[in-house]
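Laboratory data are not the source of any read-out in this text; all were calculated from the coordinates shown. This one's a predicted model, so the numbers in the text were calculated from it and none came from an experiment. Cβ: placed from backbone, ideal geometry, glycine included. Neighbour counts: every protein chain shown.
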Amino acid sequence: MALHIEDITKFYGTNQVLDQVNLSMQDGEFIALLGPSGSGKTSLLRIIAGLQFADGGRLSFDGEDITGVDARLRRFGMVFQSYALFEHMSVVDNVAFGLKMRPRANRPNKGEISDRVRKLLDMAEISELGERFPSQLSGGQRQRVALTRALAIEPRLLLLDEPFSALDTKVRKGLRGALRDLQKKVGIGAILVTHDQEEAFEIADRIAIMADGKIQQFDTPNNLLRSPATPFVSEFLEGMGSYHAAGAGI
Amino acid sequence: MTTVLSSGPVPSGPTRRGAARVLPGFGLTLGISLLFVALIILLPLSGLAWQMSQLGFSDYLRIISSERTLAAFRVTLSAAALATIFNACFGLLLAWVLVRYEFPGKRLLDALVDLPFALPTAVAGISLVALYDKSGWMGTLLDGMGLKVAYTWWGIALAMVFTSVPFGVRTVQPVMESLSHDIEEAARTLGARDWQVFRHIVFPQLWPSFITGASLAFARSLGEFGAVIFIAGNMPFETEIASLLIMIRLEEYDFPAASAIAGTVLAIALFVLILANLAQGRASRHLNGGA
């Protein structure tokens, strides 16, 4: 078992955004948190990342309790909705950032860092962009850089916060496949937050459907369609059945 | 952005101006602006230039290289440099506190920052003297420790710090407010410690405004007169600032000497501002989405 989420609860003031959420994911699994805005999916992702902390509940990764561990020490690679690229650094420096920030004892030397960055850029098929700055990149390229930067720290888990929402449909479809391939190649688990049913169904092994701070149902795409657990799920997935029957899924 | 409509080269002025025109009456607004700039900024400066032109180059050198003038420049430049370094760092800290934290009295503190601009500088000078003179309570305190601020070089630096505080804060503050939290969070998930986030992520983004603030503070300190002369002691060769020496030469009706010193102060200030502008342009090349 890779990541275990137990009874995670979160309040913003008196407003409860997460209500005893439980979720377990397997090693190397691709999970989507799918739900309308305000369902708590981004809050859950940020708590997993260590950027926010839960008011109750427990998080563990590979048996280690990480509930109160700082984001810096979790080694979870995160891709932000805005990509959050460092505008004052070249693509190479963006990707190398995580390696350069390591404590001296386990920091690779300069040659090793640049080798690793080269390889990563090759893998993401953006090796020709290394010397550019983020302001000189297209949306799709920026997204690839953000993903590569997150992978550079050899993350134990990949967290993706609506990584496709700023892209147009055509680019989006191409990048989905590329993301899934990369994740398979690296062999780490991934959690994708999205409000786009089609995207979740196409990319994820299992989907957690969220509403009102709770996980309504957590299952494979097929099972979700075949036997929705609550009226909310069946209503939310309305229209996806025909999509899936048409064979557009994974 | 406005060039979308015109695909080819733009042959004539009116077309281009038509596209860029948001407010009506471009000719009128520009004309008034230029008139203002000419009357308020350029006319006095050309007066200075005219005065300087009365002077031969060797006369200029003789005035500038006299012991007393050189000493005044040394005092002014060194005190201004210290005040600038102090205000750049302190301004960064103050802006940080004002932007990043919520605390009671925050708005009052924010308003207080502008006080050195609003206060007549002479008032500032007199209050500083009252405070740091041997009989003032800070002065008594420091005297006990064997330190003397009033009527020394330190007093000059202190007065310069006081009058240029707002530059250090107000230039950095808006940029700091516009920084996106995502970027710092991204750096943290990549393993950066707090100081690394500041050093590698936050500060590089603030750097252009930091330079601007520092250069403005320096230029202001160079020319500060009212606040400084009360606390400076004004001993020739020791605590006499350039602005005071200009004043003294004017009172002696030695206009050429006054204008030579004034012109030099102006040139230094301009030089620093231009330098800062170049550095700022270089530093912000890739920021703000500009390629």
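Quick notes on this structure:
- Here r is the Cβ-Cβ distance between B:SER127 and B:LEU147 and R0 is 22 Å; the resulting FRET efficiency, rounded to 0.05, is 0.70.
- Looking at region A:116-250 alone, DSSP beta bridges between its own residues are antiparallel in about 50 percent of cases.
- Residue order, fewest to most surrounding Cβ atoms within 10 angstrom, among A:GLU29, B:GLU251, A:GLU125: B:GLU251, A:GLU125, A:GLU29
- Among beta bridges that DSSP assigns inside the protein assembly as shown, antiparallel share in %, nearest 5: 50 percent
- Kirkwood Rh (inverse of mean 1/r, distinct Cα pairs), region B:57-289, angstrom: 19.5 Å
- Simple spin-label estimate for A:ARG116 and B:LEU109 in nanometres, 7 Å along Cα-Cβ: 3.9 nm
- Relative intensity of region A:85-154 on a log10 scale, I(q)/I(0) at q = 0.21 Å⁻¹, equals -0.79, per a Debye sum over C-alpha point scatterers of equal strength in the absence of solvent.
- Excluding same-chain neighbours fewer than eight residues apart, the lysines reachable from B:LYS148 by a Cα-Cα span under 19 Å are B:LYS134.
- Length-normalised contact order of chain B in % [C-alpha pairs under 8 Å, at least 6 apart]: 27 percent
- Every helix of 4 or more DSSP H residues in chain A counts as -39500 (n - 2.57), and over all residues that averages to -11000 deg cm²/dmol at 222 nm.
- Value of relative contact order over region A:85-154, rounded to a whole percent, pairs C-alpha under 8 Å and six or more apart: 51 percent
- Most simply put, chain A has about 50% antiparallel DSSP beta bridges, counting only bridges with both residues inside it.
- Along chain B, the longest continuous region that contains none of the chymotrypsin sites (Phe, Trp or Tyr not before Pro) in a DSSP loop with at most 14 other C-beta atoms within 10 Å is B:102-236.
- Too-long pairs where the Cα-Cα distance tops 20 Å, listed order kept, from A:LYS184/A:LYS214; A:LYS110/A:LYS185; A:LYS10/A:LYS214; A:LYS119/A:LYS184; A:LYS10/A:LYS41: A:LYS184/A:LYS214; A:LYS110/A:LYS185
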